[in-house]
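Everything below concerns the one structure shown next.
The values are calculated or read from the model by the stated rules, or taken from the named source; none is laboratory data. Since we're looking at a predicted model, the values are computed, not measured. No Cβ is skipped: glycine too gets one built from the backbone with ideal geometry, and neighbour counts run over all protein chains shown. Just so you know, the surface numbers come from the protein's heavy atoms only, side chains and all, with ligands and any DNA or RNA stripped out. Shrake-Rupley method; radii C 1.70, N 1.55, O 1.52, S 1.80 Å.
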Amino acid sequence: MAADVAVAGGRILEVGPTLGLTAAETLDVSGLLVSPGFIDIHSHSDFTLTVDPRAVSSIAQGVTLEVVGNCGHGCAPVVDPEAVKGNVYGFSEEHPIHWGTVAEYLDVLEAGGPAVNVLTLVPNGNLRLAAAADLDRSSTPAELSRMESLLEQGLEEGAFGFSTGLEYGPEQACSEEEVTRLCRATARAGGFYATHTRNRAGQARETVAEAIRTAEAAGVPLQISHISVVARLAEDGGRAVAEAVEQVQAARRRGVDAGFDMHTRLFGTTNLSAVLPPEALAGSRGEIAARLSGATARRELKSYPSILHALARDDWGRILLTGCSDPELCHRSVAEVAEARGLEPLDAVYDLLLEEIDDLHRPMILAFCYREEEIRPAFEHPDCMVGSDATALAPDGPLARSVFHGAYTWAAWFYRHFVTDLGLLRPEEAVRRLTSLPAERLGLADRGRVRPGAWADLAVLEPEGFAERGTTRDPNRTAAGVRHVLVNGRMALRDGALTAERAGRVLRRAG
């Protein structure tokens, strides 16, 4: 509908056809779409927001709130900063971790003055790294008690829930029983559970079933992260995705509070260092380099079932390098590099990590393992939320050289592709998936809607011009078609240009 929106004191004051109010400033938005600010339900901006709080890639797409701490990865709690580096997306040796608890991390975010609102989950990987003496086995009763205590503390300090990344090294050995116990602690605190599922080849149905069983047994709301990953676990990826969505719907019909989200890439992405087991990443740079160099150690490392193996599916031509210090290597596949060097693929990967030993977790990979026709059933479902699965970045400043595919494109791609190009979603439905639907999952009644009393997080878009400009080879280009963005009533973007305002808030869940 056509309406005026009045904003005062950071909130929406009134909405109506002709308000007739006297305003200190008026924006003419005739012919434009006024939307609630977009909510990134699945962000990995935990660390990059501490380095550069401007979140340019997000603001330029109309994003006003990010949920961090996903996939069992995150910035808090931290007991040993050295141990957790590989579990923090976007980590850079130039910016040391100088906090420990969730409360201290949130204080650091707040002191930096983020441009976007931000809230966190407690990541299971951090709990395991803090408590487990041996990551190759399930946690002992004493270790699990320590993890539960750290989780409860993080939830008390304002985290909105708990996340797992059961395909990653620190968590592969976690049993369903221990995850269920941690989910029960989350439920007691009123939080929700987000999971990057276990994802074993040939077990697409079981990977979703485990997530649902765990949440149902614990009585905790469930969010299945980027549910389309099941497409790479089965020969018929499209059928696997459709069945996964139906599993969620069946759980909802019997009373389980279950939801799911999708990222907007046709490829997966993670750190190149994820090819290594956690114990290989322990110690000094010299100790890590010695492990990577030794022939005997390499033979042992090759038996580790990493997420890169799962993404490659025996075809290392699927795995492209990005973020390497040598630009000649970027966008070359592991298979190409291995052939050029006369090596087996894993030996080439270990050599590449040796070459990056001074900033081991910076290089990333792109894994081309999805087709759109396989993942579309999830996108088309009305319960599907959409997230970046990326880090907030900026084209200048300390993050200018950083790359995380999807950061600059995710929301714009979703709108352009499904609304403008394909016409599969009406504008208001696409906006709902990006705003009120994730707000409901987060329990935020005063965000995600344009209504009186809500916080004035607003995005003003050109309905037919909102689109991504970043590409796979040139990802760091801001989106087009976003005219204005307000965060808590203050102008973060005006006439398509970033302002100096950083009015985001660090949201802490009330106990």
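Of note:
- Positive dipole terminus of the range 310-450, leading residue within GLY423, LEU343, ALA400 (C-beta point charges): GLY423
- Of all DSSP beta bridges in the chain, antiparallel share, percent nearest 5: 55
- The alpha carbon radius of gyration of the range 210-261, expressed as a multiple of 2.2 N^0.38 Å, is 1.12.
- Dipole check for the chain: with +1 at the C-beta of Lys and Arg, -1 at the C-beta of Asp and Glu, and the Cα centre as origin, the magnitude is about 880 Debye.
- Compared with the direct C-alpha span, the chain from THR26 to GLU373 gains 120.5 nm at full extension, assuming 0.36 nm per residue.
- If you bin all the Cα-Cα distances of the range 421-465 at 5 Å, starting from zero, the percentages per bin are 5, 20, 25, 24, 14, 9, 3.
- The share of Cα pairs per 10 Å bin across the range 400-511, counted from zero up to the longest distance, runs 13, 37, 40, 10, 0 percent.
- Within the range 95-168: Cβ-based charge dipole about Cα centre, in debye rounded to nearest 20 (Lys, Arg +1; Asp, Glu -1): 140
- Pair GLU104, ALA133: separation of 7 Å Cα→Cβ label points (nm): 2.5
- Of the solvent-accessible surface of the range 279-337, computed with a 1.4 Å probe over protein heavy atoms with every protein chain present, carbon and sulfur atoms account for 52 percent.
- Scaled radius of gyration (Cα, divided by 2.2 N^0.38 Å) that the range 221-357 gives: 1.29
- With the whole protein complex present, THR207 retains an accessible surface near 10 Å², based on a 1.4 Å probe.
- Solvent-accessible area per residue for the chain (1.4 angstrom probe, square angstrom): 38
- ALA500-GLU380 pseudo-label distance in nm [points 7 Å out on the Cα-to-Cβ vector]: 5.1
- Charge sum, other residues only, whose C-beta stays under 11 Å from ARG441's C-beta, Lys/Arg counted +1 and Asp/Glu -1: -4
- ASP474 accessible area, 1.4 Å probe, all protein chains in place, Å² to nearest 10: 70
- Reported label for calculated Cα Rg over 2.2 N^0.38 Å given (1) 0.94; (2) 1.13; (3) 1.02: (1)
- The helix-based estimate of mean residue ellipticity at 222 nm for the chain, built from -39,500 (n - 2.57) per DSSP H run of four or more residues and divided by its residue count, is -9000 deg cm²/dmol to the nearest 500.
- Heavy-atom SASA rank of ILE227, ILE357 (probe 1.4 Å, accessible area, largest first): ILE357, ILE227
- Within the range 402-511, trypsin sites (Lys or Arg not before Pro) in DSSP loop having at most 14 other beta-carbon neighbours inside 10 Å: ARG473
- In this Cβ point-charge picture (+1 for Lys and Arg, -1 for Asp and Glu), the range 353-511 has a dipole of about 720 debye about its Cα centre.
- Amide H within-cut-off set for ALA258, under 5 Å, with H built and near neighbours excluded: LEU222
- The figure for SER138 is an accessible area of roughly 50 square angstrom, using a 1.4 Å probe on the protein chains alone.
- Selection from LEU442, THR471, GLY387, by position along the positive dipole direction of the range 386-510 (Cβ): LEU442
- Protein-only accessible surface at a 1.4 angstrom probe places the residues HIS98, HIS263, HIS331 in the order HIS98, HIS331, HIS263, largest first.
- In the chain, excluding the sites themselves, the longest stretch lacking any of the GluC sites (Glu not before Pro) that are in a DSSP loop with at most 16 other Cβ atoms within 10 Å is 236-463.
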